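One structure below.
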Amino acid sequence: ASLATHDGQINWLTLYPRERKGDLLQPEPFQGRMLNPCIYDRGRVIVAPRDSRRIYGLDATNGQILWRTGTQTEDVVHLLGIAGDDLIAAGRRVYWIALDRENQGRIRRVWPRAPVPSVAGRGVLAGPDILWPTAGKVYILDRQTAEVKRVVPLPDDAARGANLLATPRGLLLSTEDTLISLPTGSTIHPSDKPRGLTTNERTTDTESPDHNPVYATTP
């Protein structure tokens, strides 16, 4: 749905094919899509519904479906952002999905070839890189070529994975009960600000002169 910002009136509603069968005791990978905001890009809205195996590209002015992926993107949980003419999406693998007119909706690249056992947090685009968390480590990929630049071990507190947020001063790791700050000069060096990522929690800005991780845990 699209709503007008000034009065909340509905601009358009769009229907899409839904998955109507399944076992709640053994959920399908796409049902792991929780709070997954849409992405707006050059007149298009890109969505990954929780009740569909596909990703859809809609016309932002009228809601018309312009393209959709195949069901091979069913494990995608997060839409990370736009890199040139590609949508970067991640789940048990990282996907480069073409947005140019001739190829829109087609998968241009996938990494790794074999999916990891489970999703371990939300990655982030940072300058020329994709930072993708898995259990125990973060892969730093070239967002144009999918080349692995580095593999960085996670601190013990984030060994099962974490949501990532790149900042001008370093990297924030958010686990179920802990926020970990890796300041600039530490293990990971995000090269610039991401286009935007919201979180439900805020933490105070904390300096760490010796570049050690800074921890903020819930009671």
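Quick one: if you take sqrt(5λ) for each eigenvalue of the C-alpha gyration tensor of the stretch 115-186, what semi-axes come out, biggest first, whole angstrom?
18, 16, 10
Roughly how many whole Å is it from the C-alpha centroid of the stretch 82-123 to that of the stretch 13-81?
Result: 13 Å between the Cα centres.
None of the figures in this text is laboratory data; all of them are computed from the coordinates on show. The model shown is predicted, which means the values in this text are computed figures rather than measured ones.
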